[in-house]
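The values are calculated or read from the model by the stated rules, or taken from the named source; none is laboratory data. Because the structure is predicted, anything quoted here is derived from the model rather than measured. No Cβ is skipped: glycine too gets one built from the backbone with ideal geometry, and neighbour counts run over all protein chains shown.
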Amino acid sequence: MMEAGAVLLLLFALQGTASALSFYGDSITFMPPQKRTDGTFRVTFHHRQNGRSSCKDQSSFTCESGVCTSFNELSVLQTEQDNTGQGRWCQSEGHTTATVSTNGTSFSLRGSGCCWVSNVNGKTNWTTRAELDLGTRSDSYALDSCPVTTTVSSLRVPQNCFSRIRLLAHDPDGDKVRCRFSSDALVPSNFTLDETECALTSTGQVDVGVQVFELMLEDFSTKNITLTYADGTSAFREASDMNAPPLCKVKLQFSVEILPPIPSCEIGHVLPMFLSKTPSHGEVLHATVGQTFQLYAQAQAHHASINDFQVSGPQNMSKVFRDDTNGKAEVTVSWTPQHSDLYRFVPVCFTAETKATQSEMRCVVVMVTQASVTQGKATVECSPNKMKVALDKASMPDIDVNYLKLSDPSCSLTSNNTHIMGSMSFSTCGTKVEDKGDFIAFKNEINSFELPSEIITRRRTVKIGFSCQFPKTISISSFYSLHQSDYIFTESSFGSFGYTFEIFNDGNFTSKVEPSAYPVEVKLLQKIFMGIQAQSELPSVNLFVESCKATPDNNPENSLSYDLIKNGCLEDETLKVHPSNQSSFNFEVQAFKFTGNYDQVYITCSVILCEPGSPFSRCAQGCLKNPSRRRRRGLSRETVSHYITQGPLQFVGQAVPSAEVDGNDVMKKSDKPSAVSPPPVSSDTKSSGGGWDIKHILNTNISTMVFATAFLVSVVLMAVVVRYFSKKRKEDDRNALIVSAWET
């Protein structure tokens, strides 16, 4: 009996150890903090904890900074579990509300526990924390909203297929979010973190087994703000100052199981691929209190069976899984927000699961509002390089077009009696490109906005997304990646207008370099001919190029840049402006490259359209050596500045000798026929070996023979001269010896 009891105790101990070694990670999400009438703060957060077989229990949190007069931890519910019966993963969510006094300027909390799932890092104990600044922001008149993030319970990826894991890093205030490894964390070998994109990548082969990651997400205002605290003090935060204390920081912990290699890493083969109906990563969706919200996702694996979707979501969420015989599977996630969820930003992540592996992780944010967000009836017209949207006003009663904007607020909308309209290219107005699995989608949206000076607003929230999708089987690279397509903008005073920015073959500015020739290969000192053309619905407009600068990539904000035109003034000594009409700007510049390991150059110009005849317009002002003396835009009718980019110019070979710098023959590619305007070559003047001109070859060979003959003749003459002097010297020496002998 004693032996049986000992065995039973051992089994209980082993079971307890196995249960303890089941922490897969966690995340904390704050609701917007509220300042109460008594001066205290109400801080509510949700804690998701991931584990192996049972996630019904969570660790307790403690209030570290700021005096918590109450700390109400509500019930913890399991929200997701492995449906295969193997108990491989689960997730729970807890809801906690704290009341914080005004004695401090920040609020922080901490939780800890044991133990991490067995991992190659040797990590056992875990600690989670978050810290929130309690200052009222000068831009929103509210407390800061923390970054929103989470992950699914269990991430799995084959060793030979690991490339990148995109993490959710959404900020409700539109602040810049930085992801970094936690200062107290061990960074697994051969992993790196893109702090801006919040993406985990590899720098080499990663070890098979469970890898543990501890990240800190921090937000920084994108504009200058002042934080005002309850004790009357204040603090200034400069725009995007990453060295300043963050407004909020939350810790994200997760584990990744690196599986043994598989034969194929092709997406859609064994690894499931999301299909076009699935929301894009980082997308913001909307839900309404008391109404059922649904999220739909679809995936496919041609050579594997999708048996489930793993979903990280809120309490009381449900899902319905379906599959078919074509390797496709779909899931519908349903959730009904309660009044306590009002104004909550809910992270939802999901993966498609097979027996051996899973798809990429995608995450969205669900914003909960009081009333339905106005969607409106939109008609989208897609063409190869731009899209047009028209909104039916009848579907959006009482909506004011003056308070609507596109993703890029510098692009505005126009309207008539029946519709609100916008037009844009795929590279302007905040349009984003999304990989939808079997499709490439170009997406934009129309939103309502509030004026910064408003204390209250009674306008309805508007959220209208629209997109153009292209099957991956259709090549659209010439419209997006390799050649900058036409730029289309819309402004209420100018209607729809656009720009073309082209590279030309010569100074006539009539024959442009075709998209198939990009990147355009050039040599140093060559003349580059470029032209900008404006098109407008107005009968007459003036085009003004305010600036042009070169960068080594297509990021115009790159700190490494070179000014060609600045404030309307020519800065480069080789730049020459050619005569053109009032809506065109043609110029030439000698090719150059950036010092260092750079072989490409992009040109970005800031352009403005003005109404002709206005003496106060930016077009009429021309070159401004002192830009601070510029008049305000409101005094004349003109557009805002729009940036257009062209390139890249790809540098090949050495600098062109001065004799070869010919303004009438610029864009020849090296070591191959020109892709722009190849000269006609007769078949009888080409050799069979590779297209060299026979006359050129003969001329080259004759020159070589002449040079060689002259060299040999000079060598022979030198040998004769040397032999002559050598013989003469010997004769002189012999005569001297004879004379000496006679004398003796």
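Data table
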| read-out | value |
| --- | --- |
| Residue ID - nearest to residue 245 (Cα to Cα), chosen from residues in region 193-216 that are of a type in the set (Ser, Thr, Tyr) and exposed (fewer than 14 other Cβ atoms within 10 Å of the Cβ) | 196 |
| Selection within region 532-543 - within 18 Å of residue 425 (Cβ to Cβ) and outside any loop (DSSP other than H, G, I, E, B) | 532, 533, 534, 535, 536, 543 |
| Verdict on residue 580 being over 18 Å from residue 501 (Cα atoms), in the same structural domain as residue 616 (by TED's automatic domain parsing), hydroxyl-bearing (Ser, Thr, Tyr) and surrounded by fewer than 18 Cβ atoms within 10 Å (Cβ to Cβ) | no |
| Restricting region 370-399 to residues that are exposed (fewer than 13 other Cβ atoms within 10 Å of the Cβ) and among the acidic types (Asp, Glu), the residue that is modelled with the highest pLDDT | 381 |
| Selected residue (only one of 239, 244 is of a type in the set (A, V, I, L, M, F, W, C), loosely packed, with under 15 Cβ neighbours inside 10 Å, within 26 Å of the chain's Cα centre (by Cα) and closer than 25 Å to residue 109 by Cβ) | 244 |
| Members of region 103-154 found to be in contact with a helix residue (DSSP H, G or I) (Cβ under 8 Å, 6 or more places away or on another chain) and assigned to a loop (DSSP other than H, G, I, E, B), listed by number | 115 |
| Filtered residue count, region 67-103, keeping only those that are surrounded by 15 or more Cβ atoms within 10 Å (Cβ to Cβ), closer than 24 Å to residue 227 by Cα and more than 37 Å from the chain's Cα centre (by Cα) | 5 |
| Answer residue from region 499-531, given it is in a loop (DSSP other than H, G, I, E, B) and among the aliphatic types (A, V, I, L, M) and is nearest to the chain's Cα centre (by Cα) among those | 513 |
